Structure formats: structure tokens, C-alpha cells
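Report on the following structure.
Derivation of every value follows stated rules applied to the coordinates shown; laboratory data play no part. Nothing here was measured: the structure is a model prediction, and the numbers come from that model. Methodologically, a virtual Cβ is constructed for each residue, glycine included, from the backbone with ideal geometry; neighbour enumeration extends over all protein chains shown.
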Amino acid sequence: MSPQEVRRVVTKGRAPRGGAAGGRRRFRLRRASAKDLPTLVRHRRLMWADIGSYPSASVEASDGPYLEWARRMMRERRLVAFVATSGGEVAGSGALWLREEQPRPGDNAGYAPYLLSMYTEPRYRRSGLATAIVKAAIEWSRARGYRKVELHASRDGRPVYEALGFERTWEMRAPLARAEPGRAAH
């Protein structure tokens, strides 16, 4: 999907509140620009709030650093985001970060698309919108020759990703002591 391309997406499923049940819903799906950064930041904050694994003050405090990071990644063309609208209202969004990776046998691409910050406004959930955004991200990645898209799925998101062919991997994590604010952990 080019930056200028706008795609009309018709989804099946639950219509938003106030709409006819089981009806079709029309969305416009487009690439995000720097003008969309406030919405992308807001959606990321709401995503973390829905997941519920961090205190709200911590989630809100990450808005500024995320905004600066996203702005820089967009400038470097390492963050590609998608925004879906319905009737002029933003209904959902998601982003791909081109994460640098070390070369390994069978994969010397240097970067791998990492899907992040997926969020659908509550009134548009279960309408197929998240699926449409993920499909656009996969299509974008495939068109540029990438061999995989990675992500960290929330419980609510897993069925969407599994239906599109994502498989569970065996990444592991060891929590380390948190650094004091303003000091890096060594």
C-alpha cells in the first residue's frame, strides 16, 4: 500500500453500536502519516490499558518517548502505520516497525517487520477491522520481499493472528532489575 493509496474495505461481522446486527461495515484503510502520530500514540496507550499489565501512570508516561521514537522511525522509513476510518472517525490502527536483526543462516535480510500497536476502537471491534489492518501489513511486507512478520500477541489478539497464519514461537524473557529513573542499567 503506497502512502497515497486509500483502500475501501468492507468487513463482515458485528456492526458498531447502533448499526444493524450482522451487517457489512465499510472502512477506508490508508497509510498513516506524521499527522496521524497523536492518534497512533493514543491508540497505543489504549492498547496497553486494555492489556492491563502496567499501571496507568506508567502507560501515560510512555506517550512522549513513544511519540519521539515513532516520529524518528517514520523519518527513517522504519515505521509504517495503517489507519482505518469510518464516516470520518478513526476506527483502528496498527504499525509495522522494521526491526534490525542480525544475519543468520537462511535469513540475511537485515530487517524484519514487527507488527505492533494494534488497536480497534471498542465500537468497531469484532467487525473484521483488525484482520484487514493485519492483512494490509502482511501485503506491504510481502511486496517488499520480507519473509516473515513477527509480533507479540495479546490474549484478545491471538485468534486474529492465528487465523492469518501466525504461529507461536519460543521466545523467552528474563526480567532484570529496573534502573532508577534517569540511569541506565548495566
Exercise. Using +1 on the beta carbon of Lys and Arg, -1 on that of Asp and Glu, and nothing else charged, what's the dipole of segment 48-186 about the Cα centre, debye to 20?
Worked result: 300 debye
For this session: Please say if segment 85-167 is rounded, prolate or oblate, where rounded means a/c under 1.5 for a ≥ b ≥ c the square roots of the C-alpha gyration tensor eigenvalues, and otherwise the choice is prolate for a/b larger than b/c and oblate otherwise?
Result: prolate
Exercise. Points 7 angstrom from Cα along the Cβ direction at Lys35 and Ser154: gap in nanometres?
Worked result: 2.8 nm
For this session: Mind giving me the FRET efficiency for Arg28 and Ala177? R0 is 41 Å, r the Cβ-Cβ distance, nearest 0.05 is fine.
Result: 0.35
